[in-house]
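The values are calculated or read from the model by the stated rules, or taken from the named source; none is laboratory data. None of these values were measured; they are calculated from a predicted model. Every residue, glycine as well, gets a Cβ built from its backbone with ideal geometry; the counts of neighbours run over all protein chains shown. Areas reflect the complete protein model, heavy atoms only, side chains present, ligands, DNA and RNA absent. Shrake-Rupley method; radii C 1.70, N 1.55, O 1.52, S 1.80 Å.
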Amino acid sequence: MPLTASSGDQYLLAPVFSPDSWVELKKRRPRPVLSCGETAIAKTSRLGTQFFAHKVLCDVGHKGESPQHLRLKTAIVRAAAELGWHARAEVRAPDGSWIADVLVEKGGRRVAFEVQIASQDLDRYRERQARYARDGVECFWLTSRSNTDHLAGVPALRVDPNADELVVAHRSRVTETFPLDGFVDAVLDGALRWAPAAPASVTGAIRWGVHACDSCRLPSVVWDVDATAVATCADCSRRRPTEPIYGGHAPKAAAARLGIVAPAATWHGRDPEVPSRFRCGHCRAALPQTDLGWLMNGMASVTSTAPIHVELSNDGHWCTSGLDLRRPADVVLWLRGERLAASTPSPSSPLTAHDLLRDAADRQRIRLERAEEAKRVRADAERREAATALRLRQFEASLPVVDPASRGMPPLAGPKASSDHERTAAIDAYVLAQPHQAYTTDELLPLFPRFTERCACSECAEIKKTYLGRERQELFPRLP
């Protein structure tokens, strides 16, 4: 459903006609002509969208469009035209490799807006995005899918084509939205762009320091790449972690210059957003990553500049001056004026060998003190639990039980049981003392107290094996 046509030398853009002018255009003769050369008929959809239709379908053919799809295209064309851009709908590439829902042009810059209401997987998004990039066309996607966070590497935001007001968001059912025409304005104004990343070689900084092992108590040199010092885009603050410096040659050389003779820890890999994994340079014990947080935060560590060669991925990113927009949600917040703060590396003060060794010893002392305190807390908790259990057993043992004589049964052979172990033995002894008497569990249970703690010794287990099925379950229940 085209939105553009021509009449003589006049270029006609359907969305910008007033209702009265549109009615007059429907009466005009000769009729306008579409880009394919066929006669155009001015029509209005059931949603009130103005568009041109073929009087006779051309050989090229045009896909059918839903009223919702046409409504979104119309909104984009109208917003771009009001900003002074040349906007056209359903524009085909010279080689036919793409057909832009809306293509806007001005000053040599070409921007395509794709409206994707039908389902489409990520690979298809990336494939079509690459076609536009190959021809030097910027492309932005407006999709009706519920969540755009999963469209990594594609500049896409969500829009609900059935909503009363057309707004962009990063996913459905969120309050952080922004008007669609405002998004188009930000893109065409150049404040918000999509930039493909390119391979690069950069120079970054390495943070390093001294860590004392808790196993052998000796210090080793540890290090980490300062991710905030490596920018991957010259137009924004887009940053990413770099590949680790294998072997730690730069930290070792810097440590030697300060007179530190501690060996370098053995590097064992790095995970995103967490410190590197190391083993002690002396005893090879693993250094817990949780103990190296100070290195990531730049606390009591040295920053040295060293070359880091990085092959950046080909994934693009949202690009705006001075900020790092990582997710679609960040883009919407930025559009709303809730600008994100750009991260900047904090300058490090000069540290001496004495400072580094002292700080390592202090951190180790604090870790050991905390470990001892945790032990004391656990021991106190265990003592309290044991004392509580003892008091509970004593209380249970002190509770009165039914006197066998009151039920015409023989008296108990010994004192009342004071634990589950004694209770098991007492029940067995009472039953064995009356070999010719078959007592039911209802008769036996009131004679013996119950205990919360259950004895699991082998002697009790052997006794319980002599009782079968339901009788064993009722006499020796599994109490909590």
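From the alpha carbon centroid of the range 387-453 to that of the range 70-122 is 87 Å.
Extension gain for residue 362 to residue 382 (0.36 nm times residue separation, less C-alpha to C-alpha distance): 4.2 nm. Modelled spin labels at residue 20 and residue 466, positioned 7 Å past Cα toward Cβ, are 11.0 nm from each other. You can think of it this way: the chain between residue 418 and residue 432 has 3.0 nm of extra reach, that is 0.36 nm per residue less the Cα-Cα gap.
Each peptide among 213-221, 434-442, 408-416 gets the average number of other Cβ atoms lying within 10 Å of its residues, and from highest to lowest they stand as 213-221, 408-416, 434-442. Shape verdict for the range 65-181, please, from the Cα gyration tensor: rounded (a/c under 1.5), prolate (a/b greater than b/c) or oblate. Since a/c reaches 1.5 but b/c is at least a/b, the shape of the range 65-181 is classed as oblate. For the range 352-443, the fraction of C-alpha pairs farther apart than 18 angstrom is 68 percent. Once the C-beta distance of residue 375 and residue 405 is scaled by a Förster radius of 35 Å, the resulting FRET efficiency is 0.05 to the nearest 0.05. Accessible surface for the range 46-185, divided over its residues, is 46 Å² per residue with a 1.4 Å probe.
Go through the range 118-181 and name the GluC sites (Glu not before Pro) that are in a DSSP coil and have 16 or fewer other Cβ atoms within 10 Å of their Cβ. Loop-located and lightly packed - 165, 176. Accessible area per residue for the range 343-480 is 68 Å², calculated with a 1.4 Å probe on protein heavy atoms, without ligands, DNA or RNA. Using the beta-carbon distance between residue 474 and residue 120 and R0 = 56 Å, what value does 1/(1 + (r/R0)^6) give for FRET efficiency, to the nearest 0.05? Result of the calculation: an efficiency of 0.30. Sorting 375, 27 by accessible area puts them as 27, 375; the probe is 1.4 Å, largest comes first, and only protein heavy atoms count. What a 1.4 Å probe finds exposed on the range 330-480 is 56% carbon and sulfur by accessible area, rounded to a whole percent.
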